[in-house]
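The values are calculated or read from the model by the stated rules, or taken from the named source; none is laboratory data. Worth saying up front: this structure is predicted, and the values here are computed from it rather than measured. Here the Cβ is made from the backbone with ideal geometry for all residues, glycine too, and neighbour counts use every protein chain on show.
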């Protein structure tokens, strides 16, 4: 469906999380001991092969995920216009276009499953 005029539906196992450490990079040989200067925002999800995956988010994409997650009545356009207003952006269409790219990437990854219009 239309990611702007429909209501983006998140995958049931997609979670927006914030960490002080780069948890997506931790393994046997990499165990950071000091927290990062700023929180690391991630979407953690399972792909079509049922593997756990991470997507790093910036402040705008983290806000977009949060809005869609907490208010499933919002269309993609409404969420993005809210973000543009919160940012005081002079060209909301730029925020909407960039947000549409993010939503498309999330749909390709399986983070967004589609849209609802009812």
Note on residue 97: of the conditions (1) free of Cβ contacts under 8 Å to residues at least 12 places away in the same chain; (2) not in a helix (DSSP H, G or I), unmet is (2)
Total residues in the range 71-89, condition closer than 16 Å to residue 100 by Cβ, touching a residue at least 40 places away in the same chain (Cβ under 8 Å) and not in a helix (DSSP H, G or I) | 2
Which one is surrounded by the most Cβ atoms within 10 Å (Cβ to Cβ), of the residues in the range 101-118 that are within 12 Å of the chain's Cα centre (by Cα) and part of a loop (DSSP other than H, G, I, E, B)?
-> 111
If residue 65 passes every condition in (1) closer than 19 Å to residue 116 by Cα; (2) out of contact with any strand residue (DSSP E or B) (no Cβ under 8 Å at 6 or more places or on another chain) but one, which one does it miss?
-> (2)
Quick check: anything in the range 83-100 surrounded by fewer than 16 Cβ atoms within 10 Å (Cβ to Cβ), at pLDDT 95 or above and closer than 17 Å to residue 7 by Cβ?
-> no
Output for the range 27-70, where each listed residue is over 10 Å from the mean Cα position of the chain (by Cα), surrounded by 12 or more Cβ atoms within 10 Å (Cβ to Cβ) and outside any strand (DSSP E or B) | 32, 35, 39, 47
Residue 15 passes all but one of the listed conditions (1) surrounded by 13 or more Cβ atoms within 10 Å (Cβ to Cβ); (2) free of Cβ contacts under 8 Å to residues at least 24 places away in the same chain; the exception is number (2)
For the range 46-65, does any single residue satisfy the condition of being within 23 Å of residue 83 (Cα to Cα) and at pLDDT below 90?
-> no
Test: residue in the range 1-9 that is touching a strand residue (DSSP E or B) at 6+ places or on another chain (Cβ under 6 Å) and part of a helix (DSSP H, G or I) | no
